[in-house]
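Here the structure comes first, spelled out in structure tokens, and everything after it is commentary.
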Amino acid sequence: MAAPSARMDNYNQSHTKLSKTEKKFLRKQTKARYTLLRHEGIESVSHVTESLVIANGGLGNSVSRTLLLKVLERYGSVEALLMPPNKPYSFVRYRTKEESQKAYVTLNGKEIVDDLGQNITLYLNFVEKVHWEDLRPPVLPPGLMIVEEIVSPEDEEKILQSIDWTDNSVAQNAQKSLKHRKVKHYGYEFCYDNNNVDKDKPLPGGLPDICHSILEKCLKEGHIKYIPDQLTVNQYEPGQGIPPHIDTHSAFENEIISLSLGAEIVMDFKHPDGCMVSVLLPQRSLLVMTGESRYLWTHGITPRKFDIIQASEEQKSGIIISDAGNLTLKKRGVRTSFTFRKVRRTPCDCSYPLVCDSQSCHQSETFPSFPENDKEASELEQEYVHRVYEEIAEHFSSTRHTPWPQIRAFLKALPKGSIVADIGCGNGKYLGLNKEIYMIGCDRSQSLVEICRERQFEAFVCDALAVPIRSESCDACISIAVIHHFATAERRLATLQELARLLRPGGKALIYVWAMEQEYNKQKSKYLKGNRDSEEKELHLNSGVLASGLLGEQNPGTSSQISVCSISTINDLKDRGCNVNEVINSKLPVHTNRTSFHSQDVLVPWHLKRCQDKHAEPLKLTPDLEGPHNPNPVFHRYYHVFCEGELETSCRMLSNISIQQSFYDQGNWCVIFKKL
């Protein structure tokens, strides 16, 4: 067998001197390298270092810390193994370069058997440094509590045996076999068609007798304030889960408790602002949800056969910290949950009226109608876009810190010295991404622009409809999550015209808007599509997108020559088969966060969390949103969510551009166009 250095020299030879097997390996290694660069911003180096990135060797594709460490330690002393949560790669740092080089040469292209018993092939590349930073430690959602060892192992066995999944003699509708789990109801049947209970039709028999002692114990120890009268028993096999949801406000009282028997599980809690906390529920533990955790946060179980948990044995319950140096996989067992609730007899009067089904009917009259003219559209944007971003700027900025891979790739691919305008730059998270180009940002929010300036970025205040930059002075423009805030088709088209005006001939613009079809993010076959012309291929090569399989079908048709804003864009979209919903003379609906869109023109709630910085200026709040019953005020932003093909069609109404790419990215429709 050739020495490691000799094998590495062979890798650097031209492909004509390599065997078919070696050529195939090189192609796959190159693909892995560019995939990591494109999606994660991980850049490898050609020289030997102590650190390696291991593609396919991560928690996200069923490789546990124990398994990977065992493989890696065969080649030297491992100083650190970082395994980011849910990622299909990991980082390893050896004590010496010689050990790292040995692992690189020996493990590259090597197959291992993962924890699911599947063969996977590892691909390694050298890196100067790891590209993983631990997140700020999260905290449990307010009102959430975990009580460990609430029952003994003996009582656990008795309770599990008391549930006869084969006997349904108590009531014909008490037991169901859902697609993702077995379910049995006691006291009242939970109706999944309306996420509620029929309060006039209790099930015979009430709750199982064996549950009474547990509930009395919870009442005595202060975990609950009243005895529940409804029970849902769920049995989860490994690989099964339940979608994120909030138990209907009007159906049940404040307290919801869930007993985990048979196995532990990781449950994900998510706040409407996007904050997610993964919580470990140990076997024989009790989960108690009240207040904000009950009414505002969704909770769900991701369907998978392994959970990501802390590798150390110290933690038994609570938050799974995103510590890439202390995470591993644990195989799931069969878990049976006993979720107790008390049926509500009066309307819910919680502190979250905008997400409460009992109180939402009183909110509809306070919201505006869809604008009928440009003046009304401008007023709507002023109240439900401009004013809102001034109020939430600091909180909004705290949630916007990680550049998206496709946008990163676009900016990184631009030639050195390019002049780039970020129209609607927000807190400026893209302004300093590429140090070899000159970027300037603008935003309608004075508060967000001030945050940019604090970060030493060039930014100024203006409206995207009239950008005070000289025509044809920019090599590229980006508009990320901006155009969907304009309230008419004509105003949205005008923003596209403004982007085209700023570009020099040959310059390119990247545009992102929210997509109505949120479920598309699970359909990778529709992830990216575009015209396979020579210019597009050049774009992909320049941005490092060399992995095959990302391009979809070719889009038929050529660019339209229509360019005037007075054309009815909505009618044009309908003619082209787009699913456009007109909402003229109707109240704008309030969207329920983390659910599918049912209207293209909506108001999206933002639940403001007050700044904790003692040096920060106090937030200015509107009087109707303050008060003891609303400690976290809610603001509403106007959105026009785009249906498939709508953004492309609007761009084609410009006479001086050609569409280079059209793709879907993480809930957004995106277009790259080039100025002719």
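All conditions but one from (1) assigned to a loop (DSSP other than H, G, I, E, B); (2) modelled with pLDDT of 90 or more; (3) over 38 Å from the mean Cα position of the chain (by Cα) apply to Tyr188; the one that does not is (3).
Filtering the stretch 426-466 to residues that are β-branched (Val, Ile, Thr) and either assigned to a helix (DSSP H, G or I) or crowded, with 20+ Cβ neighbours inside 10 Å (or both) leaves Val449, Ile451.
For residues that are polar (S, T, N, Q) and within 35 Å of the chain's Cα centre (by Cα), scanning just the stretch 191-216, find the one that is modelled with the highest pLDDT. So the residue we want is Asn196. Just give me the residues in the stretch 401-425 being without any contact (Cβ under 8 Å) to a residue 40 or more places away in the chain and surrounded by 18 or more Cβ atoms within 10 Å (Cβ to Cβ), in sequence order. Within the stretch 401-425, just Cys425 meets the criteria. Of everything in the stretch 21-54, what is of a type outside the set (A, V, I, L, M, F, W, C), part of a helix (DSSP H, G or I) and modelled with pLDDT under 75? Give them in sequence order. Thr21, Glu22, Tyr34, Thr35, Arg38, His39, Glu40 - these are the residues of the stretch 21-54 that are of a type outside the set (A, V, I, L, M, F, W, C), part of a helix (DSSP H, G or I) and modelled with pLDDT under 75. Residues that are of a type outside the set (A, V, I, L, M, F, W, C) and surrounded by fewer than 21 Cβ atoms within 10 Å (Cβ to Cβ) were ranked within the stretch 662-673; the one that is farthest from Arg408 (Cα to Cα) is Gly667. When residues of the stretch 632-672 are filtered for being within 26 Å of the chain's Cα centre (by Cα) and either among the polar types (S, T, N, Q) or not in a loop (DSSP other than H, G, I, E, B) (or both), how many remain? Here the count works out to 23. Selection of the stretch 86-103 for residues being over 12 Å from Ala55 (Cα atoms) and not aliphatic (A, V, I, L, M) yields Asn86, Arg93, Tyr94, Arg95, Thr96, Lys97, Glu98, Glu99, Ser100, Gln101, Lys102. Of the strands (runs of 3 or more DSSP E) contained entirely in the stretch 203-288, those carrying at least 3 residues that are under 27 Å from Ser358 (Cα atoms) fall at 230-236, 242-245, 252-261, 265-270.
Yes or no, residue by residue, for (1) in contact with a Ser or Thr (Cβ under 8 Å, 6 or more places away or on another chain); (2) crowded, with 16+ Cβ neighbours inside 10 Å; (3) under 21 Å from Asn326 (Cα atoms):
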| site | (1), (2), (3) |
| --- | --- |
| His47 | no, no, no |
| Thr66 | yes, no, yes |
| Arg95 | yes, no, yes |
| Tyr123 | no, yes, no |
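When restricted to residues that are among the aromatic types (Phe, Trp, Tyr) and without any contact (Cβ under 8 Å) to a residue 24 or more places away in the chain, the stretch 430-470 contains 2.
Scanning the stretch 498-506 turns up one or more residues that are at pLDDT 95 or above and touching a Phe, Trp or Tyr at 6+ places or on another chain (Cβ under 8 Å).
The values are calculated or read from the model by the stated rules, or taken from the named source; none is laboratory data. Given the structure is predicted, the values throughout are model-derived calculations rather than measurements. Virtual Cβ from ideal backbone geometry, glycine too; neighbours counted across all protein chains shown.
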